[in-house]
Every structure is written in C-alpha cells, then in structure tokens.
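Participant: Attaching a single structure in structure tokens format; questions to follow.
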Amino acid sequence: MISIGDNFGYLTVIADAGMKRISNLSKYDSPHFLCQCGCGNQIEVSEPSLHYNIVKSCGCNKNRRTFSIKETKPAPVIVPVPVQVQA
C-alpha cells in the first residue's frame, strides 16, 4: 500500500491522483499518484511503476552518469635495499 510521504528513488508521493488507465491498450484502471522529484519537478506515476521501481525520478537523472569506485588493494611498498660495493 502506497501512502503520502513514501519515497521511491528520487520521488516522494505528495498526493493521490485517482484511478486512471496506464495506456489505451489496458482494460483496467490503476491508482496514480502525484510525486515530487528531488530536483523539484512534479510528475504523475502509476502505482505499479512505483511499487516495482520502474520509475525512480522525473527523468532529470537520465543524463547523469554515476560511477562506482571499486575498492582496490593498496600498492605494495618497495623498500630499497642497500647495495654493498666491494673494492
């Protein structure tokens, strides 16, 4: 059950938008919610799209690239060994 104030990715549910059809091909209506994105935009999203994490933002982060920093082992420390010169 989705309620006002729930967060889904960057989206926060701010109001119930009623029952609507997802597309013209759909036979059934589904609950829709008005959501506010972290960037400030508001969009209307269907309940299944929120529940199954299909929609996570208004689209503002599509061009944003995310990079994950992989943990790597530190490089080995090389200690110079003194060389003895024989005369």
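Any read-out appearing in this document is the output of simple, stated calculations on the displayed coordinates, not a laboratory observation. Since the structure is predicted, the reported quantities are computational estimates derived from the model, not experimental observations. Cβ sites come from the backbone with ideal geometry, for glycine too, and all protein chains shown count toward neighbours.
Participant: With a 10 Å Cβ neighbour count serving as the proxy for reagent exposure, in which order, fewest first, do Met1, Met19 appear?
Facilitator: Least to most surrounded, the residues fall as Met1, Met19.
Participant: Please work out how much length the chain gains when fully extended from His51 to Asp29, using 0.36 nm per residue of separation minus the C-alpha to C-alpha distance, in nm with one decimal.
Facilitator: Full extension of this stretch gives 6.4 nm more.
Participant: Quick check on segment 7-51: take the gyration tensor over C-alpha atoms, sort the square-rooted eigenvalues as a ≥ b ≥ c, and tell me if it's rounded (a/c under 1.5), prolate or oblate.
Facilitator: prolate
Participant: Quick one: Ile2, Ile78, fewest Cβ neighbours within 10 Å first, how do they rank?
Facilitator: Ranked by crowding around the Cβ, least crowded first: Ile78, Ile2.
Participant: Something else now. For segment 7-51, what's the relative contact order in percent, using C-alpha pairs closer than 8 Å and at least 6 residues apart?
Facilitator: Result for segment 7-51 is 35 percent.
Participant: Read phi for every residue in segment 35-50 and hand back ³J(HN,Hα) as whole Hz from Karplus 6.51 cos²θ - 1.76 cosθ + 1.60, θ = phi - 60°, with x for Gly and Pro.
Facilitator: Once θ is set to phi - 60°, the couplings for segment 35-50 become 10, 10, 7, x, 7, x, 6, 10, 9, 9, 10, 6, 4, x, 5, 6 Hz.
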